[in-house]
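Single-structure report; data block below.
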Amino acid sequence: MTNNAQISNAVLLASTLKVADAIRELGKMGLVACAARLEGKRPTIEIQTSSKCSRLVASGDAAYYSFGRSDHIGPYRQGQFCIGGCRVVWTEFGH
């Protein structure tokens, strides 16, 4: 195994462990993970939209970063926050 492959494997393994820990924390917060992307050193976890998400934004612990309108689904906005070195995102429709 080459040094680059070892580094690549180590980064992916570290990302996987970050995601597992973050999903446990999200569960404790009452949030449900539905997908994870392990690209790069900062994984992204997608969660189901919940009223808890808007409370996180209201408290300043999360922020909306994208707003738009789709012909098929109407207006939407996307929020995010960080937990355990992972980016956590969700999408709200109808806003």
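The values are calculated or read from the model by the stated rules, or taken from the named source; none is laboratory data. Everything numeric in this text was worked out from a predicted model, so none of it was measured. Here Cβ is always computed from backbone atoms with ideal geometry, including for glycine, and neighbour counts include all displayed protein chains.
When region 28-41 is examined, which residues are found to be farther than 13 Å from L12 by Cβ and among the charged types (D, E, K, R)?
The answer is K28, and nothing else.
Going through region 68-86 one residue at a time, which ones are surrounded by fewer than 16 Cβ atoms within 10 Å (Cβ to Cβ), within 18 Å of L26 (Cα to Cα) and of a type in the set (G, A, S)?
G85
State the number of residues belonging to region 37-52 that are over 12 Å from G84 (Cβ atoms), surrounded by 11 or more Cβ atoms within 10 Å (Cβ to Cβ) and under 13 Å from the mean Cα position of the chain (by Cα).
Residues flagged as over 12 Å from G84 (Cβ atoms), surrounded by 11 or more Cβ atoms within 10 Å (Cβ to Cβ) and under 13 Å from the mean Cα position of the chain (by Cα) within region 37-52 amount to 7.
Does any residue in region 6-34 that is under 22 Å from T49 (Cβ atoms) come within less than 7 Å, Cβ to Cβ, of a residue that is assigned to a helix (DSSP H, G or I) and modelled with pLDDT of 95 or more six or more places away or on a different chain, and which pairs are these?
M29/K52; G30/K52; L31/K52; A33/I23; A33/L26
Has region 87-95 got at least one residue that is of a type outside the set (F, W, Y) and exposed (fewer than 14 other Cβ atoms within 10 Å of the Cβ)?
yes
Scan region 42-70 for residues that are basic (K, R) and more than 30 Å from S8 (Cβ to Cβ) and jot them down.
K52, R55, R69
So L38 ticks every box in (1) in contact with a Leu (Cβ under 9 Å, 6 or more places away or on another chain); (2) closer than 18 Å to G94 by Cβ but one. Which box is left unticked?
Every listed condition holds for L38 apart from (2).
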